[in-house]
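Colleague: I'd like to ask some things about the structure below.
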Amino acid sequence: MTYHYSKALMTWFFLLFFPWIAVAQEQLSADHVKIRVVAPQSFQEGTETTVGILFEPDPEWHVYWKNSGDSGAAPKFALGSPNAVVGPILWPTPKRLPVAHLVNLGYEGAVAYMFTVKPTGSGTLHLEINLEWLVCKEDCIPGFGDLVLKRPVNDQPTRWVADELKIIETFRKSVPSDSESAPYQLEIFQNTSDSLGVRFAKVADRDFKELDIFPVDQGYLSPAAPAKDEKNKHVIFKKNLAMQLPSDLSFVITTPSGVWEFSNVEVKNRTKLPDQTFNFVQLMIVLFSAVLGGLILNLMPCVFPVISIKAFSLLKSHGKERIKDCLLYSLGVLTTFSILGLFFLALKQAGSAIGWGFQLQSPVVILILIVLFWTMALNFLGAFEFGSGIMNFAGKQSKWSSSFGTGVLSVFIAAPCTGPFMGTALGAAATVSAFSAFLIFFCLGIGLALPFLIFAVAPRTLAWLPKPGAWMETLKQFFSFPLFATVIWLLWVLGQQTGTQGWMVASIALLTISFAIWLGDTSKGWKTLMAWLLALSVLFWAGSQLNRYTGSQGASQQESSWLPFDEVQLAEYRSQGKAVFVDFTAAWCITCQVNKQAVLDTQAGQNLFKKHNVILMRADWTQYDARITKALASLGRNSVPVYAFYASDGSGVKLLPQILTLSIIEDAIKNP
Amino acid sequence: MNRMILSLAFLLIGTPSLSMAEAIPGTPAPAFNVTDAKGKAHTLSSHKGKWVVLEWYNKDCPYVKKHYGSGNMQKLQKTYSDKGVVWLTVISSAKGKQGHFTPEQATQDHAKNKSAAAAVLLDESGEMGRAYGAKTTPHMYVINPEGAVVYAGGIDDNNSANPKVIPTSKNFVAMALDAGLAGKPIETSSAAPYGCSVKYN
């Protein structure tokens, strides 16, 4: 059809094939959607009135918001009037509409896109609306059409049909207001290389708890609900890595206090990693909890025997010697924490994230700890004398290095016992400046060393310790049992990582080393040499056997009710409107195991999940797993346990406390 | 002992490499291994040394129709195939979902469209689509001869479904290929993809 065919023929053609745009009018009906203008019966000259274009899609079909999300398209409006000033489109707040693992932003059910009209003269208002829209269920159908509105304009107040005005008023409520009047402020920060945070300043608890936030700019951020951190009052969006972030972003936020649009919020440090700025008081609180967390580590079942034996050895020494010992021990703790802190920061700077307890992700390190604790336990029990000092576990070392070494050891074995305080402090360390992060590590060290630092600073406190005597030997023997218990636990961890094979290898190593100790202890000369050779070669053999398992999939059995963690699957379940509980755990994390045994895997716990149709996923971090590390980072954490609950209503993720109870879980399920 | 534990921990954990499951401009393109409609296997490395365009396709998507109905897509395919670019059409629709094709149907459709694409890859598992982070049809990727993604996103800057806007739209794929083939830097390496969602299972 060429252009010079008459317009009449064109019209006829359209009438035949596109009947819905036959005659420009106030309403039209297209595939799966009805569209009409919602306007007053008459306008008042010079007065701004809100007019709407009502879209009524068929059930289950939807139309889109201005950012349509992962796919789809916003409707396009071309508005024109010769005798009125027409404002920009007012978009009601959208809903998240999941499609497979993608998310769209739009409206299921009726929606009115609105704009203001201010007639500039009396007579008849004439408004032309050219429309393009997309209506989708899973399939999408685009549509094009024109609407025309003609209404009298006079000097009387705008006259509405009540029902029509009600439609406008209803949708007007969810149109965002300008952020200037909002009771809180936004700040964008870079969280990790693939996520972006939005921090809320001066926000009321209730507002934050119930808020929802939508990115206005298409393509940069995932339209899926961001992870919410109620404690730090920020949300974390996933970034679309293919797109370079612009210099500013806009968001629409719904809260009980109102709906606001924050336009052009500056994106800070676009290329650098985020540095959360703490004010002095916040920093002090974080540092204080770091000290407290470190102090609590002293009481952990795996650390306590080592600390106690250290305390014993103090009773044997006197005066200045004691103070020197205490200081050396503290120095050992602080040096190790500082080195770990630097290592942690170096990796963070390199763009990677690791988590606390990472030392225990290597089977070889576990083997060494098993052998160490086994040997110590045998020594405590009196099976052999290892040099002269009680604590000379690492061979013939001078006294000072023994104290220093105990400090180092304490840090390593304390690591897996991530207490709740440690979690907070280390989570903060992952997001703050290098200097603050280092301070946090240092304060954890101070906490762990605190009892001995007190002994050193105030030697008088040493008098509170009981007098040395024969009881010390008995107590020492007694403490071998917690150490044996630790060996059992570590063997179990090793079994989780490597299967029964690794467990066997480690047991053979223990047997051989016990034999070597017996051989070396009962005789002199070549037999001692033999003993050393035997012990070293079995260690080497076991180490090389276990090294093969590093990074390989563990032989851990997944209980049937728990699915292995998979982000894609998680997104899918969420899109299907299912509630999901994710258990970020590791075999070497004691808190995790306690929660598992006492809450999650109990009959009552399982029944609770089943009753509410909660899908269970377990992210096992026993061995290093980049995906889990990333998933943790996107939740603002870098240690386990983390318990993430995704409610079935599609609202954001909720992080549950590190010490779980059934009622906490039930509460989270019932009050998403 | 302390040093030993430390160095072991450092060595064994190493620097964890983060594998990103998405095609990001400036980084190596994700590998794939998908059979085309004629039964031939395609991998990224089999096209090494050539410019590659990946075009996500769904015959029933109005936005795909916009570019095929107007002949815009075929014209691009022809222009750049003539210059040695390997143009691969990818279908990630799952079995039973809109746009899914058997090999025969895909071949017929290819002929009917007069498509100049070198092959139609049938990714019904969605594995390749997910690896690239393909969200819409058409979602476009341009890969350079070294195997790095140089463009990812929508085909142009106008997300209207109306073919009339094509002549006035900025075609990012053509711009990327023109610049790349001429050895010039590529100005726009990403844009928001638009269109229908890829019909994954």
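Just so you know, all these numbers are worked out from the coordinates, no wet-lab data involved. This is a predicted model, so every value here is computed, not measured. Here the Cβ positions follow ideal geometry from the backbone for every residue, glycine too, while neighbour counts run over all protein chains shown.
Colleague: Return, ordered by residue number, the residues of the stretch A:31-58 whose backbone nitrogen is under 14 Å from a label point located 7 Å along Cα→Cβ of residue A:122.
Modeller: A:43-47
Colleague: A follow-up question, please. Report, in listed order, any pair from A:95/B:135; A:76/A:202; A:324/A:476 with a Cα-Cα distance greater than 30 Å.
Modeller: A:76/A:202, as the Cα separations exceed 30 Å there.
Colleague: In the stretch A:563-670, how many lysine pairs have Cα atoms under 15 Å apart, counting only pairs 8 or more places apart or on different chains?
Modeller: The result is 7.
Colleague: Can you tell me the orientation of helix B:2-13 relative to chain B, as the angle in degrees between its alpha-carbon axis and the longest Cα principal axis, to the nearest 10?
Modeller: 10 degrees
Colleague: Next question, about the same structure. I need the peptides A:598-604, A:241-247 ranked by packing, meaning the mean over residues of other C-beta atoms within 10 angstrom, with the highest value on top.
Modeller: Packing order, densest peptide first, comes out as A:241-247, A:598-604.
Colleague: Take every residue in peptide A:362-370, count the Cβ atoms of other chains within 10 Å of its Cβ, and give the average of those counts.
Modeller: Mean shielding by partner chains, rounded to a whole number: 3.
Colleague: Okay, moving on. Show which lysines lie in cross-link reach of residue A:527 when reach means a straight Cα distance below 22 angstrom and same-chain residues fewer than eight apart are skipped.
Modeller: A:396
Colleague: Any aspartates and glutamates with Cα under 13 Å of the residue A:228 Cα? List them, leaving off those in the same chain fewer than 8 positions away.
Modeller: Those aspartates and glutamates meeting the cut-off are A:205, A:207, A:210, A:212.
Colleague: Right, next: Mind pulling the angle between the C-alpha long axis of helix B:72-82 and the longest principal axis of chain B? Nearest 10 degrees, somewhere in 0 to 90.
Modeller: Helix B:72-82 and the main axis of chain B meet at about 60 degrees.
Colleague: With the calculation restricted to Cα positions, what are the radius of gyration and Dmax of the stretch A:19-175 in angstrom?
Modeller: Calculated on Cα positions, Rg and Dmax stand at 15.9, 54 Å.
Colleague: Right, another one. What aspartates and glutamates sit close enough to residue A:118 to cross-link, taking a C-alpha to C-alpha distance under 20 Å and skipping anything fewer than 8 places away on the same chain?
Modeller: A:26, A:45, A:48, A:128, A:155, A:164, A:169
Colleague: Just to confirm a number: summing +1 for Lys and Arg and -1 for Asp and Glu over residues other than residue A:257 whose beta-carbon lies under 9 angstrom from that of residue A:257, what do you get?
Modeller: Net charge around residue A:257: 0.
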